[in-house]
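Enquirer: Input: one structure, supplied below.
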Amino acid sequence: MRARREFRNRRDVEVALLDALVDRTEEGMTVFELRAAVDADIDTIEEALSSLKSDGLITVDSDEDRVVILPDDRVVPNPGEEPEEERSIVDAIREKLGL
């Protein structure tokens, strides 16, 4: 699953992190899991996570065993919501015209 389209106008690494987190909305991901899912070095990932956190797009939850990063609810698409890239051009025109 991909993050909602209104959150896709960010740096590539931030979008990749949001997409990875949206795929694991319920359980979240650790920094190490994100590092494995996103093709970027750890410094770039940490910088992107900091930016996402300051913008309120992720939350950090820690318990006794580990720290888990979760996407904010507004980043997660509603069930049945189509990502922008999966819509056909005809669907985009229909939506634009209100049909």
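Table: residues versus (1) basic (Lys, Arg); (2) under 18 Å from Val15 (Cβ atoms).
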{"residue": "Val31", "(1), (2)": "no, yes"}
{"residue": "Ser50", "(1), (2)": "no, yes"}
{"residue": "Lys53", "(1), (2)": "yes, yes"}
{"residue": "Gly56", "(1), (2)": "no, yes"}
{"residue": "Asp63", "(1), (2)": "no, no"}
{"residue": "Arg66", "(1), (2)": "yes, no"}
{"residue": "Pro71", "(1), (2)": "no, yes"}
{"residue": "Asn78", "(1), (2)": "no, no"}
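Enquirer: Continuing with this model, one more query. Where in the stretch 1-57 are there helices (runs of 4 or more DSSP H), lying wholly inside it, with at least 2 residues that are touching a Leu at 6+ places or on another chain (Cβ under 7 Å) and in contact (Cβ under 8 Å) with a residue 60 or more places away in the chain? Lay out the reasoning, then the answer.
Expert: On the way: elements: 12-23, 31-37, 42-54.
Qualifying helices (runs of 4 or more DSSP H): none found.
Enquirer: With (1) in contact with a Pro (Cβ under 8 Å, 6 or more places away or on another chain); (2) modelled with pLDDT of 95 or more as the list, and Ile69 as the residue in question, which single condition is left unmet?
Expert: (1) is the only condition that Ile69 fails.
Enquirer: Among residues belonging to the stretch 1-54 that are aliphatic (A, V, I, L, M) and under 13 Å from Val76 (Cα atoms), point out the one that is nearest to the chain's Cα centre (by Cα). Let's see the steps before the verdict.
Expert: Applying the first criterion (aliphatic (A, V, I, L, M)) to the stretch 1-54 yields 1, 3, 13, 15-18, 20-22, 29, 31, 34, 36-38, 40, 42, 45, 48-49, 52.
Filter once more, keeping what is under 13 Å from Val76 (Cα atoms): 1, 3, 15, 17-18, 20-22.
Values: Met1: 9, Ala3: 4, Val15: 6, Leu17: 5, Leu18: 2, Ala20: 6, Leu21: 5, Val22: 5 Å.
By that ranking, first place goes to Leu18.
Enquirer: Taking the stretch 36-64 as the search range and keeping residues that are modelled with pLDDT under 95, among the small types (Gly, Ala, Ser) and surrounded by 12 or more Cβ atoms within 10 Å (Cβ to Cβ), which one is farthest from Ala3 (Cα to Cα)?
Expert: Among them, the one singled out is Ala40.
The values are calculated or read from the model by the stated rules, or taken from the named source; none is laboratory data. A quick note: this is a predicted structure, and the numbers were derived from the prediction, not measured. A quick note on method: Cβ atoms are made from the backbone with ideal geometry, for glycine too, and the neighbour counts reach across all protein chains shown.
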